[in-house]
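Right, one structure below, let's go through it.
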Amino acid sequence: EQHRSPAIIFATSLLFGRALAPIEGAIAGWKAFAMALVAYRRLNDVMAVITTVANIKGLPDRPKGNLIVNNVGAALPGSNHLFLKGVSFRLAPGECLGIIGPSGSGKSMLGKIITAISAPTAGSVQLDGIDISAIRDAGEGGRVGYLPQDIDLFGETMKDIIARLDDADLQKVIEAAKLAGIHETIIRLPQAYDTVVVGGGANLPRGFRQRLGLARAFFGDPHLVVLDEPNSSLDSHGERMLFDAIEWMKAVNTTVIIITHRIGILGVTEKLAIMQDGAVNAFGESREVFERCLVRPQVASREPVRDG
């Protein structure tokens, strides 16, 4: 009837507020819904892996070390944008692959996926025809050695750290320490391998921490070893020890992957992969790829060591 009053205005606002409340609530809860959907998908992936583990009749005592990376892709949680896409390659037992590329190209993420630290959004990684996640979840993580960029040392003593918290035979721990070139340093400590490490080794020199991480990666009888920037804190003597250790691992048919910015270590590799923007731009025999791609400044060798 064209009548307007403060009471009508107030009533109208109240009615519209009540009518829009469900929509506003849905908008406010959308982020939580999206996170729940991502968690649901991850739970499905975990259950699929558990089913795969249950179907494993028994892993071979000494796997050959054939590695197949099949169309691996990875996206940030809650995002459909792949920052790692379509990565595929094969390695035979005893082969060493070097992975290089600019910072942020996805090298470290690929290393985590290959060692089952992270799960791929697409594709798969298989060691001797068995999914790498199934191998780790079946309690066979000792078959895979891994040195991350950021070295976290877990364990109360030197022995615990190298043995990955396992109650292992001391001789096996010593063998791993010798490979990493720190055995002589450890036995000079007051309690040798029983020396207590305080605060996760935060007070230890960076080079010594890196050698401890290498010993942990070499411990046992791994058939796949992934090393992310393994010589970033090593001096020339440490690098020679690392070269010798990698050659020894290859000689016993351990498949080795080296993620690095320092091309000097590529001399121990048989294969070379160059990554750019989350994809492998070149892959093949080290000498052929080096001569074809690295004679031009396509991949900078003096970039920061950190990998996004």
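Just to be sure, is residue 234 of a type outside the set (Val, Ile, Thr) and either exposed (fewer than 14 other Cβ atoms within 10 Å of the Cβ) or out of contact with any Lys or Arg (no Cβ under 9 Å at 6 or more places or on another chain) (or both)?
On the way: of a type outside the set (Val, Ile, Thr): yes; either exposed (fewer than 14 other Cβ atoms within 10 Å of the Cβ) or out of contact with any Lys or Arg (no Cβ under 9 Å at 6 or more places or on another chain) (or both): no.
Here the answer is no, as residue 234 does not meet what is asked.
So, in segment 194-206, exactly how many residues are open to solvent by 20 Å² or more (accessible area, probe 1.4 Å) and in a helix (DSSP H, G or I)?
Qualifying residue count for the region: 5.
I'd like the residue in segment 130-147 that is charged (D, E, K, R) and closer than 25 Å to residue 76 by Cα and, out of all such residues, is most open to solvent (accessible area, probe 1.4 Å). If you could, list the steps in order and put the result at the bottom.
Looking only at segment 130-147, we keep the residues that are charged (D, E, K, R), and these are 131, 136-137, 140, 143.
So of that shortlist, the ones also closer than 25 Å to residue 76 by Cα come out as 131, 136-137.
Working: 131: 47, 136: 81, 137: 99 Å².
So, considering only residues that are charged (D, E, K, R) and closer than 25 Å to residue 76 by Cα, the one most open to solvent (accessible area, probe 1.4 Å) is 137.
Kindly list the number of the only condition in (1) closer than 30 Å to residue 253 by Cα; (2) open to solvent by 70 Å² or more (accessible area, probe 1.4 Å); (3) at pLDDT below 80 that fails for residue 4.
Answer for residue 4: the failing condition is (1).
From the set of residues in segment 89-129 that are open to solvent by 30 Å² or more (accessible area, probe 1.4 Å) and among the charged types (D, E, K, R), which is farthest from residue 72 (Cα to Cα)?
Here the residue is 95.
Within the group 285, 247, which residue is out of contact with any Cys (no Cβ under 6 Å at 6 or more places or on another chain), at pLDDT 85 or above and under 23 Å from residue 126 (Cβ atoms)?
Working: 247 fails: under 23 Å from residue 126 (Cβ atoms).
Matching residue, one of 285, 247: 285.
Go through (1) farther than 17 Å from residue 98 by Cβ; (2) in contact with a helix residue (DSSP H, G or I) (Cβ under 6 Å, 6 or more places away or on another chain); (3) open to solvent by less than 30 Å² (accessible area, probe 1.4 Å) for residue 209 and report which single condition fails.
Only one criterion in (1) farther than 17 Å from residue 98 by Cβ; (2) in contact with a helix residue (DSSP H, G or I) (Cβ under 6 Å, 6 or more places away or on another chain); (3) open to solvent by less than 30 Å² (accessible area, probe 1.4 Å) is unmet by residue 209, namely (3).
So how many residues does segment 168-193 have that are open to solvent by less than 20 Å² (accessible area, probe 1.4 Å) and free of Cβ contacts under 8 Å to residues at least 24 places away in the same chain?
0
Any residue at all in segment 86-106 that is in contact (Cβ under 8 Å) with a residue 24 or more places away in the chain, more than 17 Å from residue 261 (Cβ to Cβ), in contact with a Lys or Arg (Cβ under 8 Å, 6 or more places away or on another chain) and of a type in the set (A, V, I, L, M)?
yes
Residue pairs, Cβ under 7 Å, 6 or more apart or interchain, first in segment 143-167 and within 19 Å of residue 192 (Cβ to Cβ), second among the acidic types (Asp, Glu). List them.
Within 7 Å, the pairs are 157/194; 159/194.
Just checking, which of 14, 76, 59 is at pLDDT below 80, within 18 Å of residue 117 (Cα to Cα) and not aromatic (Phe, Trp, Tyr)?
Values: 14 fails: within 18 Å of residue 117 (Cα to Cα); 59 fails: within 18 Å of residue 117 (Cα to Cα).
So the residue among 14, 76, 59 that is at pLDDT below 80, within 18 Å of residue 117 (Cα to Cα) and not aromatic (Phe, Trp, Tyr) is 76.
The values are calculated or read from the model by the stated rules, or taken from the named source; none is laboratory data. Worth saying up front: this structure is predicted, and the values here are computed from it rather than measured. Ideal geometry is used to build each Cβ from the backbone, glycine not excepted, and the neighbour counts take in all protein chains shown. For the accessible areas, the whole protein counts, side chains as well, though only heavy atoms, and no ligand, DNA or RNA atoms are used. Shrake-Rupley method; radii C 1.70, N 1.55, O 1.52, S 1.80 Å.
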